[in-house]
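Read through the structure below, which is laid out as structure tokens, and then see the notes.
The values are calculated or read from the model by the stated rules, or taken from the named source; none is laboratory data. All figures in this text were calculated on a predicted structure; none of them were measured in a lab. Backbone-built Cβ (ideal geometry, glycine too); neighbour counts: all protein chains shown. Accessible surface areas use protein heavy atoms only, side chains included; no ligands, DNA or RNA. Shrake-Rupley method; radii C 1.70, N 1.55, O 1.52, S 1.80 Å.
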Amino acid sequence: MPVTVRSFAKINLGLAIGPLRPDGFHELRTIYQTIAPHDILRIEIKRGSGIEIRCKDPRVPTDASNTCYKIAERTMAGLKARGRVIIEIEKRLPVQGGLGGASGNAVATLLALELALRKRVAGAEKLQIAAEVGSDLPLFLIGGTVLGVGHGEEVYPLQDLPSTPCVIATPPIGVSTPQAFADWDASSLNQLTPSTPSDRMLEFGRVLSAWLSGSKNMQYSGVPARGRGRAETPLLDLVRTGIENDFEKVVFLKYPELRDVKRVLERAGAFYASLSGSGSAMYGLFRTLPAAHKAAEKLQKLGVPSTVTRTLTRQQWKTKFLVSNF
Ligand code: C5P
């Protein structure tokens, strides 16, 4: 019986790139946040063997290089299951957009296979399989607000951000993440930022642990959220005042039009606007839905495809995952 699921996207609330490690990955610190936009995946197991990927979008590979193929292969082996796996991807999210589309697709495949086969992969093995396929897959096993460390694959659930209005702008530019890391390495870090990679890691850790421990010494702005008469949640406050996405420093140099998108979002009232991952998707977080709609209209008038959506809490993400299981 086919299983149909939603494969949600993510944004990064800050991303600090650390030193290049001997294994070829960069140490990083980020906060992942799942959001409502999604692809739809339909997984079916038929008689026979092998894995077949179907997708009408020509930018999505249908061979063994597809993340869904890689994870299906590992999951079937892990479960000692037999059959021909058919994965149909209805692509709605941008490809190479920094929204974790391909990563989310892979994890959705793993979870849908478990449902289709009525068998479970142990939690620790799931995390391991996901991390083998890509650095930003494991976050999709947790959902909501997630801390990512290591090379992004080591994940910890954080206290959820409340569901927040959000504008996602998707300029038609594909950014390769390995290339963005290579550009980061090639550029003189001193020119880009006065701090060393280790300094930025430490700073990210400091603001985060202050938030997690509810430290009274944490220098929150304490500015009441407009119209609500109370301070913002500490996470939003620290994102707004203390966390940046390091990829902006290299990606904005290459694509200056993305910096303009960020400015439009900020001028339209976003309390935080940023590149997501290595881009090219940009997002703005807003206090109200009408404000988000106005910002999206402005961007659309400028020819930048933009949608209004919300961030998804862990619970929302879990309950909306399954479309049908028959
Ligand atoms: O794990 P993922 O497939 O997303 O990584 C693709 C490539 O991006 C890696 O081979 C590496 O070159 C680069 N990368 C990195 N540091 C990270 C994540 C990815 O250098 N933290």
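Taken about its Cα centre, region 1-91 carries a charge dipole of roughly 280 debye when the Cβ of each Lys and Arg holds +1 and the Cβ of each Asp and Glu holds -1.
Of all aspartates and glutamates in the structure, the ones whose alpha carbon falls short of 16 Å from that of Lys318, not counting any fewer than 8 places away in one chain, are Asp39, Glu114, Asp160. Comparing Cα centroids, region 1-53 and region 118-152 end up 9 angstrom apart. The Cα atoms of region 37-149 give a gyration tensor whose axes a ≥ b ≥ c have a/c of 1.5 or more with a/b no greater than b/c, which makes the shape oblate. Going by a ≥ b ≥ c, the root eigenvalues of the Cα gyration tensor, does region 74-140 fall in the rounded group (a/c under 1.5), the prolate group (a/b larger than b/c) or the oblate group? It comes out oblate by the Cα gyration axes. At q = 0.07, 0.08, 0.10 Å⁻¹ the log10 of I(q)/I(0) for the chain amounts to -0.28, -0.37, -0.57, computed by Debye summation with a single uniform scatterer per C-alpha, solvent ignored. Backbone N atoms of region 36-55 closer than 19 Å to the 7 Å Cα→Cβ label point of Glu132 belong to residues 50-52. Relative to the 2.2 N^0.38 Å rule of thumb, region 1-92 has a C-alpha radius of gyration ratio of 1.35. Amide H contacts under 5 Å for His26: Arg21, restricted to partners 5 or more places along the chain or on a different chain, H placed in the peptide plane at 1.01 Å from N. About the centre of its Cα atoms, region 245-290 shows a dipole size close to 80 debye [charges on the beta carbon of Lys, Arg (+1) and Asp, Glu (-1) only; nearest 20 debye]. State the percentage of accessible surface on the chain attributable to carbon and sulfur atoms; use a 1.4 Å probe and exclude ligands, DNA and RNA. Reported share for carbon and sulfur atoms: 53 percent.
Its Cα centre serving as origin, the chain has a Cβ charge dipole (Lys and Arg +1, Asp and Glu -1) of approximately 1180 debye. The residue among Ile11, His26, Pro37 whose Cα reaches farthest toward the positive pole of the charge dipole of region 1-56, with charges on the beta-carbon of Lys, Arg, Asp and Glu, is Pro37. For His38, the shell of other residues with beta-carbons less than 9 Å away shows a net charge of +2, using +1 for Lys and Arg and -1 for Asp and Glu. Evaluating 6.51 cos²θ - 1.76 cosθ + 1.60 at θ = phi - 60° for every residue in region 82-99, the Karplus couplings come out as 10, x, 9, 8, 10, 10, 9, 10, 9, 7, 10, 7, x, 8, 6, x, x, 9 Hz, glycine and proline recorded as x.
Considering only Ala210, Ala295, Ala77, the mean-square fluctuation computed in a Gaussian network model of the chain, springs between alpha carbons under 10 angstrom, is largest for Ala77.
Computed with a 1.4 Å probe over protein heavy atoms only, the accessible surface of the chain comes to 46 Å² per residue.
Restriction of the trypsin sites (Lys or Arg not before Pro) in region 3-54 to DSSP coil positions whose beta-carbon has at most 10 other beta-carbons within 10 angstrom yields Arg47. Available extension along the chain between Arg47 and Lys119 is 24.2 nm, counting 0.36 nm per residue and deducting the alpha carbon span.
If the label point is 7 Å along Cα→Cβ of Ser187, which residues in region 263-280 have backbone nitrogen under 17 Å from it? From region 263-280, the list is 263, 274-280. Which links in Lys46/Lys91; Lys70/Lys254; Lys126/Lys320; Lys56/Lys119 stretch past 27 Å when you go from one Cα to the other? The pairs that break the limit, which is 27 Å between Cα atoms, are Lys70/Lys254; Lys56/Lys119. Label sites at Tyr156 and Ser209, each approximated as a point 7 angstrom past Cα along Cα to Cβ, lie 0.9 nm apart.
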